[in-house]
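Trainee: Dumping the structure here so I can ask a few things about it.
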Amino acid sequence: MSKAKKNNLLYIMNPKCGWCTKANPVVDELTKDGYKITTLDITNPEDAKKANEAKAKHNAQCGTPLFLDVKTGNMVCGFREKDILAKWANGEEIPAPPPRPQQKPQQRMRKLAKLEYIWVDGDDEKSIRSKIRYVPLEFGDEENPLPFDAIMTQIPQWTFDGSSTSQSETSTSDLILKPVRFFGNPLSNRQQNSVSYIVLCEVFNGDDTPHESNSRAKLRETVDKLDESNDFWFGLEQEYVFMNASNGLVDGWPENGEPEPQGNYYCGNGANNISNDQRQTVDTHAQFCIQSGINLGGTNAEVMKSQWEYQIGPASAISAADQLWVSRYILNRLAEVRGMYVSYDPKPVDGDWNGSGCHINVSTKKTREEGGKENIVQLCELLEESHSKHIEIYGKGNELRLTGKHETASIDEFSWSDCDRGVSVRIPLTTVNNDYKGHIEDRRPSANVDPYEAFSVMIETLSVSELELVV
């Protein structure tokens with residue numbers, strides 16, 4: 001059929017249609033080739049009327065672009081290349097293209113989460129308690145996953161029996177666990193389509209006030225009082241001892257008598273100095289802490305046999321304290337696997353053996369950025385003035401450790417010096433050699449110290465605006 005005889009060809013389009021924009025130059029080329037194609041712009045009322053009449057006549061169920069032979073009803077729906085449209089213009093029926101594959105709607109990811117709620121109890125020597133809850137959580141979809149904060153807001157509060165944790169009487173035993181921070185849970189054997197988190201909680205009363213044992217809330221209040229210029233950084237050196245759960249003795253010690261005296265155990269190696277079970281636990285603990293987001297910087301065997309240390313930080317006060325408590329929980333859980341438990345007792349063994357501390361490294365913005373021995377001296381003098389107040393906070397049973405022996409200062413006296421491990425506060429060599437720019441190490445806190453309480457009293461002591469120490 002000749003081109004001249006085809007006078008009823010319509011191109012129905014919408015200038016706002018992207019496919020029509022692509023089709024326009026193709027139609028122009030066909031017109032130049034001699035095909036008589038009438039363009040109907042549906043945004044024009046008169047053209048829209050003609051287009052609707054033509055579509056109704058042939059029951060054309062198509063949007064734009066639409067190519068329609070008004071006489072025969074032969075049509076092409078949607079954009080096509082020039083060779084296809086030329087066949088249509090010549091009267092050849094064009095088969096409809098295969099339907100576009102329907103995109104499956106994105107399914108929102110919903111996973112069952114194993115949540116290990118942990119909190120600090122009310123015992124005289126505080127420890128971590130835990131309980132587990134399984135909760136389905138929404139994670140968004142593959143293209144639009146929910147941010148971590150949005151996932152965490154779904155984690156509910158919980159309650160527990162405070163009368164069994166030295167935090168309430170039986171008659172008012174229901175206390176509230178409020179999630180405050182979340183860590184990936186490396187302890188969990190994750191199954192398909194499941195996740196797990198360690199959920200650090202604060203303890204609240206039934207009337208939604210912080211429980212008296214909630215030292216984290218007190219630290220929050222202390223930090224909130226600081227000026228913006230106050231910038232305390234903290235690091236912790238946590239010492240501890242592995243104990244044998246079957247006999248209650250120090251793990252690796254003989255049931256009768258004692259091992260060889262101290263000397264070769266510190267940073268030691270070899271089976272005569274180090275237990276493989278303990279080293280494996282220490283290494284796994286470090287890996288698990290790092291996996292969960294804890295800033296664990298190192299580990300080492302300590303002076304007494306079966307005594308170890310790891311370091312946390314530096315970090316802000318609340319963050320460092322949170323990380324220490326969670327790291328203790330992970331260590332306790334790992335020790336379970338090998339039939340051990342962890343002692344944070346400041347003097348786990350009487351006699352000529354080192355005790356266990358939790359030394360606190362602290363710096364202020366001024367000591368980090370300006371340095372100068374005079375600023376370090378001022379910090380030490382302030383700590384000296386508040387020595388008794390700090391000792392009250394620095395751990396139960398600490399008087400058995402702070403004797404002036406075994407790398408400690410006497411609990412009754414405050415002292416400080418460069419590079420000396422027999423004083424209350426040591427000025428590390430790294431600080432001394434950097435023109436006294438850096439941190440100091442408070443060696444008084446015991447291994448069982450509550451870091452929330454310790455940081456609170458330390459910030460209160462060192463935040464003395466009239467001396468302009470932390471500006």
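Trainee: Can you give the helix-only mean residue ellipticity at 222 nm for the chain, where every DSSP H stretch with n ≥ 4 adds -39500 (n - 2.57) and the sum goes over all residues, rounded to the nearest 500 deg cm²/dmol?
Mentor: Dividing the helical sum by the residues of the chain leaves -8500 deg cm²/dmol.
Trainee: Sort by residue number and report every cysteine in the chain with no other cysteine beta carbon within a distance under 4.7 Å.
Mentor: When partners are defined as cysteine Cβ atoms under 4.7 Å apart, the chain leaves Cys201, Cys267, Cys289, Cys358, Cys380, Cys419 without one.
Trainee: Say R0 is 45 Å: what FRET efficiency, to the nearest 0.05, do Thr153 and Ser410 get from their beta-carbon distance?
Mentor: 0.35
Trainee: For the chain, what relative contact order do you get, as a whole percent, if you take Cα pairs closer than 8 Å and at least 6 residues apart?
Mentor: Reported as a whole number, the value is 11 percent.
Trainee: Over all distinct alpha-carbon pairs, what is the Kirkwood Rh of the stretch 110-213 in angstrom?
Mentor: 14.8
Trainee: Among 83-94, 306-317, how do they line up by average Cβ neighbours within 10 Å per residue, starting with the highest?
Mentor: Going from most to least packed, we get 306-317, 83-94.
Trainee: Please give the Cα centre distance for the stretch 157-192 versus the stretch 384-421, rounded to the nearest Å.
Mentor: Here the two parts' Cα centres lie 34 Å apart.
Trainee: Here's another thing I want to ask about it. Taking a point 7 angstrom from the Cα of Tyr341 along the C-beta vector, which residues in the stretch 119-149 have backbone N less than 15 Å away?
Mentor: Backbone N within reach: 123-130.
Trainee: Which one of Asn276, Ile330, Gly355 is farthest out on the positive end of the charge dipole of the stretch 223-467, using unit charges on Cβ (Lys, Arg +1; Asp, Glu -1) and the Cα centre as origin?
Mentor: Asn276
Trainee: Under a point spin-label approximation (7 Å from Cα along Cα-to-Cβ), what is the Ile132-Arg421 distance to one decimal in nm?
Mentor: Result for the modelled spin labels: 4.0 nm.
Trainee: Ok, one more. From Cα pairs below 8 angstrom and at least 6 apart in sequence, can you work out the relative contact order of the stretch 223-467, rounded to a whole percent?
Mentor: Contact order relative to length: 23 percent.
Trainee: Also, quick follow-up: So how do 164-174, 58-68 stack up, highest first, on mean other-Cβ count within 10 Å?
Mentor: 58-68, 164-174
Trainee: Once you have the Kirkwood Rh of the chain from its Cα pairs, apply Stokes-Einstein at 37 °C and 0.692 mPa s and quote D in µm²/s.
Mentor: Roughly 118 µm²/s, to the nearest whole number.
Trainee: From the phi of every residue in the stretch 137-143, what ³J(HN,Hα) in whole Hz does the Karplus formula 6.51 cos²θ - 1.76 cosθ + 1.60 yield, where θ is phi - 60° and glycine or proline is x?
Mentor: So the Karplus estimates, Gly and Pro as x, are 10, 8, 10, x, 10, 4, 7 Hz.
Trainee: With r defined as the distance between the Cβ atoms of Glu460 and Thr430 and R0 fixed at 22 Å, what FRET efficiency is calculated, to the nearest 0.05?
Mentor: Approximately 0.25, to the nearest 0.05.
Trainee: What order do you get for 39-48, 361-370, 453-462 when each peptide is scored by the mean count of other beta carbon atoms within 10 Å, highest first?
Mentor: Going by the mean number of other Cβ atoms within 10 Å, highest first, we get 453-462, 361-370, 39-48.
Trainee: So if I place +1 on the C-beta of Lys and Arg and -1 on the C-beta of Asp and Glu, and nothing else carries charge, what would the dipole magnitude of the stretch 3-89 be about its Cα centre? I want it in debye, nearest 20.
Mentor: Taking the Cα centre of the stretch 3-89 as origin, the dipole is about 260 debye.
Trainee: When the label point is put 7 Å from the Cα of Lys373 along its Cα-to-beta-carbon vector, which residues of the stretch 413-427 have a backbone N closer than 14 Å?
Mentor: Under cut-off, by backbone N: 417-419, 427.
We did not get these values from a lab; they are worked out from the coordinates using the rules stated. Everything numeric in this text was worked out from a predicted model, so none of it was measured. We place every Cβ from the backbone using ideal geometry, glycine too, and count neighbours over all the protein chains shown.
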